[in-house]
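Below: one structure, written as C-alpha cells.
Every number in this text was worked out from the coordinates using simple rules, so none of it is lab data. Because the structure is a prediction, the values reported are computed rather than measured. FYI the Cβ positions are ideal-geometry reconstructions off the backbone, even for glycines, and counts take in every protein chain you see.
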Amino acid sequence: MVEKGVMVEKRVSIPRSSVPGIVSPAIPGRMASLLLSLLYQLDQTQWLTPEEIFAHQAKQLRLLFSHAARTVPFYQRRFAEAGVDADAEVTRETLDRLPILKRAELQAAGKDINTTALPKSHGKTHQIETSGSTGRAVRMYGTEVTNLFWRACVMREHFWQERDLGGKLAAIRWSRKGVAMPPDGAHGDSWGPASGAIYPTGPAVLLNVISELPDQVAWLRKEAPDYLISFPSNLMALAKHCIERDISLPSLKQVMTVGETVTDQTRRLVREAWGIPLKDSYSSEEAGYLTIQCPEYDVYHVQSENVLVEVVDESGRACGPGEVGRVLITPLHNFATPLVRYELGDYAEVGAPCACGRGLPVIKRTVGRQRNRLALPDGSTVFPYLGDHGDYKAITKAVQRFQFIQRSINEIEKLMVVSEPVTPEQEEQMRALILRNLGHPFNVTFTYVDEIPLSPRGKYEEFVSEVAG
Ligand SMILES: [Zn+2]
C-alpha cells in the first residue's frame, strides 16, 4: 500500500544486510543504500505539484546545460546559435528556444555529441545500444549515475504495483535463437540487478518469445510463476490461445508489459484470459524509464525525476490533454552524452491530471513509433488502420502470423505464415479488404514466409514502413 509521503509496503521486505550478525533492520550495502535513498526521495517528489516538479527539473537542467555547453562540442554550437545562455536559470521559454534534436542530427554529430570532460564522480561509462530502424547507429554513452536512476525506477515500479519480490518472475522475451528454448527455458536465482541488489528475491525464469504458444503454456503451467513479463503482441496471442482452449494459469497475479503499445484490447484480453491486471511501463535505451503505469488508474506517470518528457505537435507547440504529439526527451542526469529535446520517434497522447493525486505529468497512452506509421503520397504519415482480425479470419483461417511492410510510397507487401495455401480468390478478397482499410490505392503484394522477423528491438510489429521512418 502506498500512502502520501511514506513508503509502506503491504508485506514488509527487509533488505539484505551487509553486516554479519545484523539482519533486522538490515544495514544495506553500498548499491542497496544508494537505491533506497533515491527511492525515499522519489516517494516524496511524486506528490509535489507539477510546478514544483518542474522547478526541481529546472535546477538539474541548468547544471546539465552548463556542462553540455562547456564540454560537448555539438552543444557549444547549439546553445550559441539558439542565443541561449547555458548558465542562466532554465524556464519553459528556455526550452522553447532550444531546437528539437533529430535522430539524423545526432548521427551526423558523431563524437561531437559526447562530453570531453565527464566528472569523475559520475563513474564509468558504458555504451548504449540504440537500435533505430534505419541509418547508422548512434554511439552514445551512459554512466553509473544514469544506471542508478534506471534501477531506482525499476524498484519504484515494483513498489507502485505492489509486487511480492519473493515471488517467481517469468519472462517470455527475445533471446538469440537456440537460447532459453522450450521445454525448459532458462533459470536464474534473482529478478535482476536492481531488485537483487537490495533484496533476496525469488527466482526468475526465461523463455524465448519465438516459442510456439502451446510450448509457452506448457512452460508456464510447469513453472507456475507469480508474475509474467512479455511483449503485448505475444501476450495477446497467448491470452486468445488460453481463452479459446479454456486454459487457466492460476499462479499468475499480474502481467507486466514492455516494448510495444498496450491497447484497451490488450488489457481486456489479459483480464478475460486470466482474471488479472496488466501493468505497463515505457522506457527507451536513451533515457531509461520514461513512464510507469499509475498504481491506481490505467494511465502513465512521467518519471520526471529521471527525464524531462515533452509532447509537442507538428509545429513544436506543447500538446494539451487529449492531444497526440511527438515525444521529446531530455534525460536529466546523463553528462556523458547529453540529449536535449531529443525526438524519440514515438507518439503519445497527453492525459489530464491523475485522480490519484500524484503531480507527475500524465501520458494517457503511447501511440506507436514513426516506423509503424504509413507514409501517404501527399507526404504526410498516419497510423495505418489495418482492420479487424475477424474480417481477415472470415476470408481464411490459414494465416497464423502476418506483417505489413510498406516498401515504397505506393507498395505494401503482406508477409504471412500460413498453415495451408491461400487461394488466388482469397488473396483478391484480402487485397480488397486491405485497400478498404488503408484508404489508398496501394499496390498490395503477398509473400509467404516461414517466420516473421522481429524488429531490431526484438518486437513483433504488425506494420512497418520503410518510407516513413
Ligand atoms: Zn495516477
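Annotations
- Proximal aspartates and glutamates to Lys120, defined as alpha-carbon separation beneath 17 angstrom and excluding residues fewer than eight positions away on the same chain: Glu144
- Orientation-averaged projection of region 256-382 equals 9.0 nm² [convex hull of Cα atoms, one quarter of hull surface area].
- Whole-Å distance, taken between Cα centres, linking region 246-290 and region 390-443: 28 Å
- Across region 18-156, Cα-Cα pairs farther apart than 24 Å form 49% of the total.
- Loop-located GluC sites (Glu not before Pro) in region 57-113, at most 11 other Cβ atoms within 10 Å (DSSP): Glu89
- Relative contact order computed over region 310-375 (Cα-Cα under 8 Å; 6+ residues apart), in percent: 27 percent
- Note on region 374-465: Rg/Rh from C-alpha atoms, Kirkwood Rh, equals 0.95.
- Rg(Cα) / (2.2 N^0.38 Å) computed for region 6-45, rounded to two decimals: 1.24
- Taking the chain and dividing mean pair separation by its residue count, relative contact order in percent (alpha carbons under 8 Å, at least six apart): 13 percent
- Vicinal HN-Hα couplings computed from phi for region 304-321 (Karplus, 6.51 cos²θ - 1.76 cosθ + 1.60; Hz; Gly/Pro x): 5, 6, 9, 8, 8, 10, 10, 10, 10, 7, 4, 8, x, 7, 5, 7, x, x
- Net length available on complete extension from Val19 to Gln429 is 140.6 nm, with 0.36 nm assigned per residue and the Cα-Cα distance removed.
- Within the same chain, lysines fewer than 8 places from Lys102 are excluded, and of the rest, those with a Cα less than 21 Å from its Cα are Lys111.
- Sorting 255-263, 390-398, 290-298, 111-119 by their mean Cβ neighbour count within 10 Å, with the most densely packed peptide first, gives 255-263, 290-298, 111-119, 390-398.
- Ranked by how many other beta carbons lie within 10 Å on average, peptides 407-419, 53-65 from highest: 53-65, 407-419
- The percentage of C-alpha pairs in the chain whose separation is greater than 40 Å is 24%.
- Both numbers refer to the Cα atoms of region 12-94; Rg and Dmax are 19.7, 60 Å.
- Restraint check, Lys222/Lys279; Lys168/Lys222; Lys177/Lys240; Lys240/Lys397; Lys168/Lys253; Lys364/Lys393, Cα-Cα greater than 19 Å: Lys222/Lys279; Lys177/Lys240; Lys364/Lys393
- Nonlocal amide H pairs with Gln303, under 5 Å, H built at 1.01 Å: Thr291, Ile292
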